[in-house]
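Here's the structure, in structure tokens; my notes come after.
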Amino acid sequence: MFETSDGKIRMKEDCIFCKIADKEADATVVYEDPHTLAFLDIHPLNPGHTLVIPKKHYVNMLEMPSEEAGRVFASVSKVMKGVQKASGADGISVGQSNGRAASQEVFHMHVHIIPRFNHEMMSGFPNRKKTHREELDEIGKKIRTAIDTSKHI
Ligand SMILES: [Zn+2]
């Protein structure tokens with residue numbers, strides 16, 4: 001069970017990220033291994049904004065064994081290089097929030113990989129943008145290719 005942003009306790013079956021991990025919900029997946037999954041945020045701060053999750057449901061990192069958190073961050077390390085290449089970003093922010101007070105919105109542990117650009121530095125954190133499936137699939141394909149070609153890193 002986990003708490004949603006409206007304070008209701010819900011079962012894991014209602015968890016959108018579990019559904020994505022189980023392939024019951026659609027997402028543009030850019031990376032997958034036995035323990036983790038990376039897919040594009042549908043409300044990206046910038047094109048290529050990616051989320052990395054453990055396949056197993058944990059509300060957040062506070063309740064995860066360190067080993068499991070380590071697996072997620074090993075994937076973050078791989079995926080962020082692909083995101084950087086594919087998006088041409090000048091920098092990458094990696095963000096992870098635990099609990100409503102920390103602005104966690106989906107209560108299945110996840111790590112944000114956010115492409116950042118020099119021209120946005122003055123205006124602070126970018127706003128979420130509307131996007132289309134085609135745009136997500138296009139940048140997703142580029143990220144998958146970039147991850148594949150940098151496997152030796
Ligand atoms: Zn879940």
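The values are calculated or read from the model by the stated rules, or taken from the named source; none is laboratory data. Given the structure is predicted, the values throughout are model-derived calculations rather than measurements. For neighbour counting, all protein chains shown are included, and Cβ atoms are generated from backbone atoms with ideal geometry for every residue, glycine included.
Looking at region 30-51, is at least one residue without any contact (Cβ under 8 Å) to a residue 40 or more places away in the chain, within 24 Å of Thr145 (Cα to Cα), within 16 Å of the ligand (Cβ to nearest atom) and assigned to a helix (DSSP H, G or I)? No, that holds for no residue. Among the residues of region 12-69 satisfying the criterion of being surrounded by fewer than 19 Cβ atoms within 10 Å (Cβ to Cβ), closer than 22 Å to Glu138 by Cβ and of a type in the set (A, V, I, L, M, F, W, C), which is modelled with the highest pLDDT? That would be Val29. Tallying residues that are under 13 Å from Leu37 (Cβ atoms) and in contact (Cβ under 8 Å) with a residue 40 or more places away in the chain within region 59-86 yields 3. Among the residues of region 101-137, those identified as modelled with pLDDT of 90 or more, surrounded by 14 or more Cβ atoms within 10 Å (Cβ to Cβ) and in a helix (DSSP H, G or I) are Glu135, Leu136.
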